[in-house]
Amino acid sequence: MASQSSGYSQAPKPAEMPFDQEPGLMLEDPSVPYLQMPAPAIDLRLLLSETPLPKGASQFSSLHVVSGASETAKGQAAALQASAQKIGKACSVYAWPKLEEEDVAGEYNAFFSLTSDMILKGADRASLMVFIAAEGSEETDMAVAAILAMLPFRGVQAAFISGESQYRDPLACLRTASGLFEYFAAQPERMGRKSLAAIFGPLPSKTFHKPLATWAPLRPKVLPAEKPAPFKIGGLDLPMVTFEGPYDAGVARLTDLLIGHYGEKELFPVTAVGETGDALGYGLDIHNMLQGRGCEGYYFAHASGESYKRPDAYGKPALLHAIASAKAAGKRVVVLAVGGGVNGNAMGMIAALAGADFVEVPTTLMHYNDATTSAKKAFSLIVQGKILSKNILGTFYLPQLVFCISEVFLTLDPCSVHAASGEAAKTMSMLGKASSSQGRKDFHNILGAKEFASDFTRIAAAAPGFERLVAFLRGTAVLKEKAAKAGRMLRTSRESGGPESEISRLQSERQQHLSQLRSDFHEGLPEDGRKQVVSFLTAINEEVIKAKAMFLAYSDPFEKYRALLFEYAHTLGHGVEAFMNGLYRRAEALKLDYSEAFRLHGQCVGMAVLWAGEMSKELGHLEGDGYLAHQALVCLFNRFGGFDFKPLRRLCDELGVCRDEFCEGVLQVVRRDNKRGYCKCSPGNSVDQLVRERPGCLLRSSDPSAELRYLVEVSEEAQREVLQRAFEGDYDLTLV
C-alpha cells in the first residue's frame, strides 16, 4: 500500500563511496619469485629489470651490494660494482662480517652498522639492495638479507643471489647463525611484509607462496573497570584497553592476562622501562608481580629520550643473551614496553628482530594514542649524539595487546601533555571534523573511513580539562620528584647490595608519595575539575585513535600513501627536534640548565603546525577565517607556553648559536627527511605538506606519486623564512 505524500521531495540517498564501505582483511599473503640466472657471472641488467620496483618508482635510484662472509662473495660484489659503473648506476659495496655462531651482539651491531652506512651513502626508498650469499651459509645468509632489507626506511627492495643446487624457501622462518634474530613473513605481526623482493639462482624459475598465519592477539574479556578502544590495522583488530581502576589492581590485572594467555611455565617476560618509569616503579612493579607468580624474566632499564633512540642504547649484550637463552630453552619471549613512545618504538624493534611477542604498556598519552596506533617501529640515525634522521631504521610489527593503567597519567610531565596536544593539533589541522558531511566529502576516497571517522571538535571543547591537568601536574611536581628520588635511591641500593631494611624503607617511602599524589587528584581536586581532566583525556585518546584507524584500518596500513598526512608538520618538526637535541647535549656538557628550553617531539610538531600554517598563508593557500582556525588549534593549548620558542632562543643565545646557524642546522635534518624518495624533489626544495582554505583540506600536487601522499614541494627559502621568524618569537601566541 502506497503511503501518502508529505508534500516534500525526499533527498536521494548519497552514493556509496570508499569512505562508506565495510572492507575485511586488507593484507596480502606473501609471495617471492625465484628467477633463473645462469652461473657463474651475475647479470646486473637482469637484476635491475626483473626485481620488482617499489610502487611509484620507474627505476632503482641506486644499488647497494652486500657480500656474505667469503672471498668468493666479495669478488662477485666487486664485479657487480664494476658492471654498475659501466652503465652509470651508482653502486656501493658492503661486507657482512665473519662471526662466531653465538655472537648475538656481533650480528646486532652488523645489522645497524651496514644499514646506517647505506643511508649515509645515499640509499633511499627507491634503492635496490643485493645480497650475495656465501657458499655454505645460504640458510643463515638469507635471514641476514631479509633483516637487512627490512631496516632502511622500514623496507627496501632486496634481491638475494643464490648459488645452491636446491631451492630454499624465503617464506619459511629464517634465522641467523646465532638463532636469536629471525624473519617469518607469514607471521601476522609483520602484516604480510615479505622478506625479499626476488631470488636469483641457477634453478628454473618459480614462485614461493605462503598464507598469512591466523592473527590471535591477547583479546581480554573486558571488565567493568576497563574501557576498550576499538582499533584496526590492515583489517586486523588490535586490542587496546584502558584500566580505569586503582594502579595496583591494574598491575595485577595485566599479570593475570599475560599468564592466562601464555602460561606461567612458558612465559619469559622482558620488561623494559625508561629512567622515569624505573624511578617511579612502573616497570619493576610488573616484573616483580610476574616473578612472584612463577614467571622468571629479564628486567631492562634503559636511558630515555630521543637522543638515545638508537640501536646501541637498546641492543645491550646482556639483554640479547637473555632473549637468546630463553628462546633456546623453548620459552615464549614477550617483550613488555613500559613507558613513552620512544620506549615503545625501540623495544618494538627488539621484539621484531627476535620474532618475540610484543605488549605495550603506555605511561604517556603519546605512547598510547599515537605510537601504539601504528605498526611502525624504528630507531633514528644518530652519529656522535647528533640526530641525522628520525625513525629511519625500522620495520612494521604489531603488538599483541596495548594495556594502559590510567592512574599513570597522574605522574605525567606537563611537557608530555603539551606534546600530546601538539600532535592532536596537527591531526585537527589536517583532518578537521571527519565525521561530518564535509569530512565525508574531503576523505571520500579513504576506504572504510566511516567506521572510525573522528570528531576533533571534542578535543578543542575539552581544552579546560587540559588546563586543569597541567595545573594539577605542576602542583604535584614536588611529590612526584620525591617519589622518583626514592626510586633512584632504591635502584642504587639494590645494585650495591644494600641492606633489606633500607630497601624496604625506600619502597615504602616511594609508595607513600605516590599514594598521596593519587589522593590529591581523587580527593583533593573538586569533582568538576576531575570530570574536566577525565573528559580531556578521554577525548584526546579516543579521537586520535579513531583518526589513525580511519586511514590504517583498511586504506593504508603501511602508511606509505594517504596515511602520510599524519606526517603533517613533521618535516620542520623533526628538524627542530633533532637540532635542539644536539644543543641539549652541549648544554649538559657545560652543566647549563636547559629544562625551560626542553621540548618533546609533539611540542616541536605543535610549533611546526603554526609554521606550516604561516607558509600556507604566505604562498596564498590559506587566508581569513581558515588561517585563524588553523593557527588557533595550537594557540588554544598554549596558555602555559608549551609551544613558545622564546626559551629555545635563550638557550641558543647561551650557547652562542645565532639565527642562521639554527636555521641551517634544522634544514640539514630536513634534507635527510624520511619522506624523500616518495616523489620527485627539485634542488633547493623539500618534500612537505601544506593546508589550503581551512583545516582538513590539504594542498594537492600535480605529481601523481606526491598527490597520493598529500605531499608537495616547498622551497627551502619558504622554510627558512618561518624558522627565522620563529627564532624571533613571532609565533609565541596564546588564544584569548
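Every read-out reported here was derived from the displayed coordinates using simple, explicitly stated rules and does not represent laboratory data. Predicted model, so just to flag it, every value in this text is computed and none were measured. Cβ atoms come from the backbone with ideal geometry, glycine included; neighbour counts cover every protein chain shown.
Of Phe643, Leu600, Gly620, which is farthest along the charge dipole of region 515-660 in the positive direction, counting Lys and Arg as +1 and Asp and Glu as -1 at C-beta?
Value computed over the given set: Leu600.
Dipole of region 57-157, Cα-centred, from +1 at each Lys and Arg C-beta and -1 at each Asp and Glu C-beta, to the nearest 20 debye? Write out the running numbers ahead of the final one.
Values: 7 positive and 12 negative charges, 165 e Å.
For region 57-157, the charge dipole is close to 800 debye.
Can you give the calculated 222 nm mean residue ellipticity of the chain, where each DSSP H run of n ≥ 4 adds -39,500 (n - 2.57) and the sum is split over every residue, rounded to the nearest 500 deg cm²/dmol? Walk me through the intermediate numbers first.
Numbers: 24 runs with 310 residues, N = 736.
Roughly -13500 deg cm²/dmol at 222 nm, from the helical runs in the chain.
Would you be so kind as to identify which of Pro399, Ala463, Ala79 lies farthest towards the positive end of the dipole of the chain, taking Lys and Arg as +1 and Asp and Glu as -1 on Cβ and the Cα centre as origin?
Projecting each Cα onto the dipole axis, the largest value belongs to Ala79.
Could you give me the ³J(HN,Hα) list for region 44-54, computed from phi with Karplus coefficients 6.51, -1.76, 1.60 and θ = phi - 60°, whole Hz, x at Gly and Pro?
So the Karplus estimates, Gly and Pro as x, are 4, 4, 5, 4, 6, 8, 9, 6, x, 7, x Hz.
Once you list every other residue whose beta carbon is under 14 Å from the beta carbon of Cys658, what net charge do they have if Lys and Arg are +1 and Asp and Glu are -1?
Net charge around Cys658: -2.
What lysines sit close enough to Lys309 to cross-link, taking a C-alpha to C-alpha distance under 18 Å and skipping anything fewer than 8 places away on the same chain?
Lys376, Lys377, Lys386, Lys390
Answer rounded, prolate or oblate for region 643-734, using the Cα gyration tensor with square roots of eigenvalues a ≥ b ≥ c: rounded when a/c is under 1.5, else prolate when a/b is larger than b/c, else oblate. Walk me through the intermediate numbers first.
Numbers: a/c = 3.04, a/b = 1.68, b/c = 1.81.
Because a/c hits 1.5 or more and a/b fails to exceed b/c, region 643-734 counts as oblate.
When a/c reaches 1.5 or more, the comparison of a/b and b/c decides; with that in mind, is region 96-171 rounded, prolate or oblate per its Cα gyration tensor?
Details: a/c = 2.13, a/b = 1.23, b/c = 1.73.
Because a/c hits 1.5 or more and a/b fails to exceed b/c, region 96-171 counts as oblate.
Could you pull out every residue, at least 5 positions away or on a different chain, whose amide H is within less than 5 Å of the one on Ser555? Hs are placed 1.01 Å off N in the peptide plane, and Pro or chain starts have none.
Leu447
Highest mean first, how do 104-115, 296-307, 280-291 rank when packing is the count of other Cβ atoms within 10 Å averaged over residues? Each step should come with its number before you reach the end.
Working: 104-115: 20.7, 296-307: 18.5, 280-291: 22.2.
Averaged packing, sorted descending, gives the order 280-291, 104-115, 296-307.
Just one of (i) 29.9; (ii) 26.9; (iii) 31.6 is Kirkwood radius over Cα pairs in Å calculated from these coordinates, so which is it?
Label (ii) holds the value from this structure.
To the nearest 20 Debye, how big is the dipole of region 371-530 about its Cα centre, given +1 on the beta carbon of each Lys and Arg and -1 on that of each Asp and Glu?
In debye, rounded to 20, region 371-530 gives about 560.
For Ser304, list long-range residues whose amide hydrogen, built 1.01 Å from N in the peptide plane, is under 5 Å from its own amide hydrogen.
Residues meeting the criterion, in which the H sits 1.01 Å from N, are Glu275.
When the dipole is taken about the Cα centre of the chain, and only Lys, Arg (+1) and Asp, Glu (-1) are charged at their Cβ, what size is it in debye, to the nearest 20? Don't skip to the end; give the middle numbers.
On the way: 78 positive and 86 negative charges, 118 e Å.
It comes to approximately 560 debye.
Could you sort the peptides 498-506, 44-52, 545-553 by per-residue average Cβ neighbour count (10 Å cutoff), highest mean leading? Mind showing how you got there, number by number?
Details: 498-506: 12.7, 44-52: 16.3, 545-553: 25.1.
Final packing ranking: 545-553, 44-52, 498-506.
In whole Hz, what ³J(HN,Hα) sequence does region 235-244 give by Karplus (6.51, -1.76, 1.60; θ = phi - 60°), x for Gly and Pro?
3J(HN,Hα) across region 235-244, in whole Hz: x, 8, 7, 10, x, 10, 9, 10, 8, 9.
Would you mind counting up the charge near Pro317? Only other residues with Cβ under 14 Å from its Cβ, with Lys and Arg at +1 and Asp and Glu at -1. Write down the numbers at each step before the final one.
Numbers: positive: Lys316; negative: Glu100, Glu102, Asp103, Glu107, Asp312.
Result for the local shell: -4.
Considering the options Ser508, Ala486, Leu525, tell which one lies farthest towards the positive end of the dipole of region 440-595, charges being +1 on Lys and Arg and -1 on Asp and Glu at the Cβ, about the Cα centre.
Sorting the options by dipole projection puts first Ala486.
Excluding Glu139 itself, what net charge comes from residues whose Cβ is under 11 Å from its Cβ, given Lys and Arg +1 and Asp and Glu -1? Let's see the in-between values first.
Working: positive: Arg168, Arg175; negative: Glu138, Asp141, Glu164, Asp169.
Charge balance near Glu139 sits at -2.
Classify region 354-472 as rounded, prolate or oblate from the Cα gyration tensor: take a ≥ b ≥ c as the square roots of its eigenvalues, call it rounded if a/c is under 1.5, otherwise prolate when a/b beats b/c and oblate if not.
Verdict is oblate for region 354-472.
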